[in-house]
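Read the structure below first, then the notes.
The values are calculated or read from the model by the stated rules, or taken from the named source; none is laboratory data. Bear in mind that the values here come from a model prediction, so they are computed numbers and not experimental data. Neighbour counts run over all protein chains shown; Cβ positions are idealised from the backbone, glycine included.
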Amino acid sequence: MEILEAIILGAVQGLTEFLPVSSSGHLQLAKELLGVEIEENLTFDITLHAATVLSTIVVLWGEIWWLIKGLFSRGMNDEKSYLLKLIVSMIPIGIVGFMFRNEIDAMLASEYIMVIVGAMLLLTALLLTFAYYAHQREKSTISYRDAFIIGCAQAVAAMPGLSRSGSTIATGIILGNNKAAVATFSFLMVLAPIMGQTLLDVVDGGLATSSIGAMPLLAGFVTAFIVGCLACRYMINIVKRGKLIWFAAYCVVVGIIAIGTYFF
């Protein structure tokens with residue numbers, strides 16, 4: 001992998017991890033266009049995910065520190081309740097990751113992967129459209145029930161091309177929750193699953209770097225981190241203003257292109 005390819009892929013990952021357009025789908029499409037062999041670059045994918053986790057921690061450090069301080073306080077409080085809701089939201093993706101990880105990996109290696117990605121991008125567009133036109137009730141706090149349903153949306157978004165952030169944010173808005181609160185919850189709830197997936201990949205031997213090289217890894221990591229920091233801040237502001245319909249239109253276009261790459 002060349003350094004320029006690493007920078008491009010890092011930028012794609014950093015940008016699309018937080019925008020509701022599917023990071024897995026765009027990374028798959030970018031690799032296809034660049035001619036990068038996916039099977040030979042598991043280490044690179046792990047590195048990019050680690051970079052976006054770090055960018056999330058940096059941007060949302062205020063909220064994370066608030067939760068940490070509350071965790072060590074006596075008795076039940078808002079911080080512990082929020083943490084419990086995050087844990088509840090992680091249960092579905094934990095089950096999916098444990099039971100269907102091999103099937104998802106096989107899907108990624110399928111010759112029909114671009115068709116799957118395209119179809120899931122179209123589904124992402126549909127979800128974002130529903131959220132955009134949903135009646136806004138703006139509930140002040142996310143309930144345990146809503147946390148679990150949002151978690152189910154995250155689990156379904158294990159499908160390549162179905163945006164995780166798009167699915168969780170759209171689901172939260174459709175359930176009537178405050179937009180900014182849903183965006184923050186969405187970005188926080190993915191930290192543990194991504195770190196867990198990264199650890200599993202490392203344990204499975206994902207750190208074999210012979211076909212990549214240190215400089216492309218570093219270039220991809222730095223790019224994904226910087227772009228991820230910007231995208232995370234940008235996305236929270238976008239959700240506050242309710243402009244999700246533009247991302248829906250974008251997903252339709254890219255979804256059609258992805259399907260077209262298979263047939264043409």
Subject >> Residue that is over 20 Å from Phe225 (Cβ atoms) and out of contact with any Leu (no Cβ under 6 Å at 6 or more places or on another chain), where the choices are Ser55, Ser89 >> reply: Ser89
Subject >> Selection from segment 89-104 of residues that are within 22 Å of Thr184 (Cα to Cα) and surrounded by fewer than 19 Cβ atoms within 10 Å (Cβ to Cβ) >> reply: Ile91, Gly94
Subject >> Among the candidates Lys80, Lys85, Lys139, residue that is buried (at least 20 other Cβ atoms within 10 Å of the Cβ) and among the charged types (D, E, K, R) >> reply: Lys85
Original post:
Does Ala153 satisfy being of a type outside the set (Lys, Arg) and under 16 Å from the mean Cα position of the chain (by Cα)?
Top reply: yes
**OP:** Within segment 1-8, identify whether any single residue is surrounded by 14 or more Cβ atoms within 10 Å (Cβ to Cβ) and either within 22 Å of Gly118 (Cβ to Cβ) or modelled with pLDDT under 85 (or both), and answer yes or no.
**Re:** yes
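Every residue, every condition in (1) modelled with pLDDT of 85 or more; (2) more than 21 Å from the chain's Cα centre (by Cα); (3) aliphatic (A, V, I, L, M), yes or no:
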{"position": "Gly196", "(1), (2), (3)": "no, no, no"}
{"position": "Val203", "(1), (2), (3)": "no, yes, yes"}
{"position": "Gly206", "(1), (2), (3)": "no, no, no"}
{"position": "Val222", "(1), (2), (3)": "yes, no, yes"}
{"position": "Gly228", "(1), (2), (3)": "yes, no, no"}
{"position": "Arg233", "(1), (2), (3)": "no, no, no"}
{"position": "Leu244", "(1), (2), (3)": "no, no, yes"}
{"position": "Cys251", "(1), (2), (3)": "yes, no, no"}
{"position": "Phe263", "(1), (2), (3)": "no, yes, no"}
Original post:
Within the set of pairs 6 or more residues apart or between chains, which connect a residue that is more than 13 Å from Cys251 (Cβ to Cβ) inside segment 164-182 to a residue that is of a type in the set (Gly, Ala, Ser) and surrounded by fewer than 24 Cβ atoms within 10 Å (Cβ to Cβ) with Cβ atoms less than 7 Å apart?
Top reply: Ile173/Ala134; Ile174/Ala134; Asn178/Ser140; Lys179/Gly242
